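Just so you know, all these numbers are worked out from the coordinates, no wet-lab data involved. A quick note: this is a predicted structure, and the numbers were derived from the prediction, not measured. Note that each Cβ is placed from the backbone with ideal geometry, even for glycine, and that neighbours are counted across all protein chains shown.
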Amino acid sequence: MQLRASLAALCAALCANAYAEGPIIIKFSHVVAMDTPKGQAAQRFKQLAEQATHGRVKVDIYPNSQLYKDKEELEALQLGLVHMLAPSLAKFGPLGVKEFEAFDLPYIFPSKTALYNVTEGEIGKGMLKKLEAKGITGLAFWDNGFKLMSANKPLHTPADFKGLKMRIQSSTVLDAQMRALGASPRVLAFSDVYRALQTGVVDGTENPPSNMYTQKMYEVQRHVTVSNHGYLGYAVIVNKKFWDGLPGDIRNALEKAMKDATTFEKAIAQRDNDAALEAIKKTGKTTVYALSVKEQAEWRRALLPVQREMEGRIGKDLISAINKEAAK
C-alpha cells in the first residue's frame, strides 16, 4: 500500500511538471491490434485530441499488450503508470464493480439498438459513475460486437460443448455461461489466446469477428458458429487524479475529441466485424456456421438461466432494468 501511495504521489508530481513544461503526455494502452474497431478509434482520438489542443497534448498509443496484459493494465492505470485504457467491460467485475458484469450476460441484448438504450442512457451513466470510487473516471462506452463461438469441432447445439476447454476473460458470468453449456472455462490473457489454441491448452473461445480475424485465430480454429450469444464492449477510462488535474480547457477539448472518436468507433464497429467474418470465410481455413432458428432457441434455453443465477451478484433490479430498457 505504501508503494502504491508513493508511486501515485510521484505520478502526480511528474504530471504537474509536465503541464508546466508541455506537452501533456497521455499514455493510452490497449490489448488489441491497431486495425480493430478499438485500435482505430484510439488512433482517431489521438488525432482529434492533438488537433483540438494545438499540440498541448500528445497521445502515445500502445496496442497489442505492448505495455500491459489484461490483468495488469487496470492496476497500472490506478497507479498512474498509464493514463488511459479501453478495457473490455468484463474487466470491472474483478475490480469490484460487479454491475459491469451485466454486459456479459448471454442474450441480454437482442440488438445494437437495445444495447445503446442502456449504454447511452441513465443506466450507462450510472455505471461509469461507480468507477470513481476506484480512482477511475469513465469517459465513454465503445462498441465491438456480438460474439462468435469457435472450436476445432462443430458447435451447433449446447451438447457439442461438453468437455471442451473454452477460453474466457476473467468473468464470473462468462464462467457460468460456459458451464451452462457443459464446457470447462479457462481464464487466459487475450495476448496468450492464439498460442493456447494452437497448442491445445484450450479447445475454443468466443470473440467478435474482428478480434478473431486480426489475431489470426482462424488459423487454429476449424469451426466458427455465428451465435450472437453475447456482447463485447469497452469502457474508455482515465486515471481520475490525472484527469481532474488537467487544465479545464484541455479537459473540455479532450471530452469533445472523445465524443467524436466514440461516434466514429460505433460507425465502424459493425462494418469491420461484417468484413472480418467475410474475410475469415475466404481464408478457407475455418468453416463458418450460422445457427438455425431452432438451434438458437435451444442455445437460449440453455443460457438464459445464467441471468437468474447472477442476480445475487450483479443485482436483480439492475438486470431487470437492463431487460426493460433493451425491450424498448
- Message: Full-extension gain between Val226 and Lys58, please, as 0.36 nm times their residue separation minus the C-alpha to C-alpha distance.
- Response: 56.5 nm
- Task: May I ask you to compute the full-extension gain from Lys316 to Thr283, defined as 0.36 nm times their residue separation minus their alpha-carbon distance, rounded to one decimal in nm?
- Result: 7.5 nm
- Message: Tell me which of Leu164, Phe242, Tyr116 sits at the most positive position along the dipole axis of the chain, charges placed on C-beta atoms (Lys, Arg +1; Asp, Glu -1).
- Response: Leu164
- Taking every DSSP beta bridge that has both residues in segment 69-222, what percent is antiparallel when rounded to the nearest 5? 40 percent
- Compute the Cα gyration tensor for segment 197-328, then decide on rounded, prolate or oblate, letting a ≥ b ≥ c be the square roots of its eigenvalues: rounded whenever a/c is under 1.5, prolate when a/b is larger than b/c in the other cases, and oblate in all that remain. oblate
- Task: Take every DSSP beta bridge with both residues inside the chain and express the antiparallel ones as a percent of the total, to the nearest 5.
- Result: 50 percent
- Relative contact order computed over the chain (Cα-Cα under 8 Å; 6+ residues apart), in percent: 25 percent
- How many Lys pairs in segment 128-259 lie less than 14 angstrom apart by Cα atoms, where the lysines are 8 or more positions apart or on different chains? 6
- Task: Return a whole-number percent for the relative contact order of segment 99-202, with Cα pairs under 8 Å and 6 or more residues apart as the contact set.
- Result: 23 percent
- Message: Suppose we keep just the DSSP beta bridges with both residues in segment 151-310; what percent of those would be antiparallel, to 5?
- Response: 10 percent
- Message: Give the aspartates and glutamates whose C-alpha is closer than 18 Å to that of Lys58, dropping any in the same chain fewer than 8 places away, or say none.
- Response: Glu21, Glu50, Asp244, Asp249, Glu255, Asp260
- Note on the structure: CD proxy, 222 nm, the chain: helix-only mean residue ellipticity via -39,500 (n - 2.57) per DSSP H run with n ≥ 4, per residue, nearest 500, stands at -14500 deg cm²/dmol
